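A short write-up of the structure that comes next.
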Amino acid sequence: MENTWSRWVQAPQGIGLRKAIFQVHLWTGIGLGTYVFVICLTGSVLVYRNELYAAFSPQPVIVDSAGASLGEDALERAARQAYPGWEIQDMRPGETPNHAVRITLSRDGDRIRRLFDPITGEDLGDPLPLGYRAAAWVLDLHDNLLAGQTGRRVNGIGALLLLLLSLTGAVIWWPGMRRWRRSLTIDRRADWKRFNWSLHSAFGFWCWPFLFMWAITGAYLSFPAAFMAVVDYLEPFDPTSLEERVGDQVMYWLAYLHFGRLGGRGIPGCGSLCNDTTKALWALMGLVPPVLFVSGAYMWWTRVVRRWLKSGSGA
C-alpha cells in the first residue's frame, strides 16, 4: 500500500487504478461532449436572462389603420379565418381603440397568442418580440432540453455524469511531484499537441471548482425533491420552530450559485458591482467546458483514433 501511494505521488501514470479512472474520464467526456457544449454555452447566455427579458420585453402595438373598431364577434371571425380549427380562448383589447388586440387560440392542447388589428382584423403576429422568444427558447433548451419534465430529468442525469467527469478529472490531473507545476500553466511555445494538452490541463485545474459547483447545482435544480428529502432526513422539519434549517440555507444557495446572481443575497459588501462581477465571471467560466471538450476530443483523436486508423485495425 505504501509503495503504491509513493508511486502515485511521484509518477502515477503507470498505476492500474489511474488508468482505469482515465478510461472512465475519457469515455464520459466523449459521451457528454455535445451535451456539455450546448448546456454551458446556453448557461453563459442565461446568466443575463433577466437583462435579456428586460431588453426584449413586449411593448404595446399601436396601429395606424383608419375607421371604426371591429366588435368582438368580427375579431373572432377574423381569428378563426386566419387559424382554421383553432378555438378562441381569450381576447384582450388594448388600452385605446388603436391598440392591437391580443387573442389566445388553442387546438389539441397547443396554444398560441396573436395580435390582431382592431380595425381591419389583420393578423399582426406574435405579441412577444423575436428576441424575447429566442431568450425563452434558450432557457427551455438549458433547463429542459426542449422536452419538458423528461428533458429536466435527462438534465439531472447529465449533471451527475458531469460530477463524475469532474471528479475523475481531478484524480488523473495529478502528474507527479516533479511535473505538477508545469500542469498549472499553458505552454504557448510548445507545438500544437503539447499546447493543446497544457491548455486542457491548466483550464481543468483552475476552473475545476466551477465545474464541480455546476454539477451539484444542476443536479439540485433537476431533482429538488431528492435533495430536500435528504435535508428532511438529516434535519426533520419542526413546524413549531421559527429557525431556518441549515439544509434549507444550503438549498437556497445552490439555486443562486448556479447562475452567479449573488447581489442582494446577504453577502456583506456584495451589491450591484459584486453582482455584475460574479455574473461576468460565471458567463466567462461557462465557456471553459466547451474548450475542455474540444481539447480533450483532439487528444483522443490524435492518441487513440489516429493511431488505430494507421495501424490498419479499421480496415
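Filtering 15, 30, 21, 39 for residues that are assigned by TED's automatic domain parsing to the domain that holds residue 180, among the β-branched types (Val, Ile, Thr), free of Cβ contacts under 8 Å to residues at least 24 places away in the same chain and surrounded by 13 or more Cβ atoms within 10 Å (Cβ to Cβ) leaves a single hit, 15. Selection of first residues in the stretch 275-287 that are more than 13 Å from residue 214 (Cβ to Cβ) and of second residues that are of a type in the set (Asp, Glu), restricted to Cβ pairs under 6 Å at least 6 apart or on distinct chains, gives an empty result.
Restricting 128, 145, 139, 163 to residues that are surrounded by 15 or more Cβ atoms within 10 Å (Cβ to Cβ), within 26 Å of residue 57 (Cα to Cα) and either more than 13 Å from the chain's Cα centre (by Cα) or small (Gly, Ala, Ser) (or both) narrows the list to 128.
Looking across the stretch 167-204 at every residue that is touching a Pro at 6+ places or on another chain (Cβ under 9 Å) and of a type in the set (S, T, N, Q), the one that is farthest from residue 24 (Cα to Cα) is identified as 183. Just a yes or no: is a residue in the stretch 183-195 among the charged types (D, E, K, R) and under 18 Å from the mean Cα position of the chain (by Cα)? No - not one qualifying residue is present in the stretch 183-195.
At least 2 residues being in contact with a strand residue (DSSP E or B) (Cβ under 6 Å, 6 or more places away or on another chain) is the threshold, and among the helices (runs of 4 or more DSSP H) wholly inside the stretch 1-82 those reaching it are 72-82.
Only residues that are under 16 Å from residue 171 (Cβ atoms) and touching a Ser or Thr at 6+ places or on another chain (Cβ under 8 Å) were counted across the stretch 203-233, and they come to 5. Please determine whether any residue of the stretch 140-154 is among the small types (Gly, Ala, Ser) and either under 28 Å from residue 301 (Cβ atoms) or in contact with a Gly (Cβ under 7 Å, 6 or more places away or on another chain) (or both). Taking every residue of the stretch 140-154 in turn, none turns out to be among the small types (Gly, Ala, Ser) and either under 28 Å from residue 301 (Cβ atoms) or in contact with a Gly (Cβ under 7 Å, 6 or more places away or on another chain) (or both).
The values are calculated or read from the model by the stated rules, or taken from the named source; none is laboratory data. Remember, it's a predicted structure, so these values are computed and weren't measured experimentally. Positions of Cβ are backbone-derived with ideal geometry, glycine not excepted, and every protein chain shown enters the neighbour counts.
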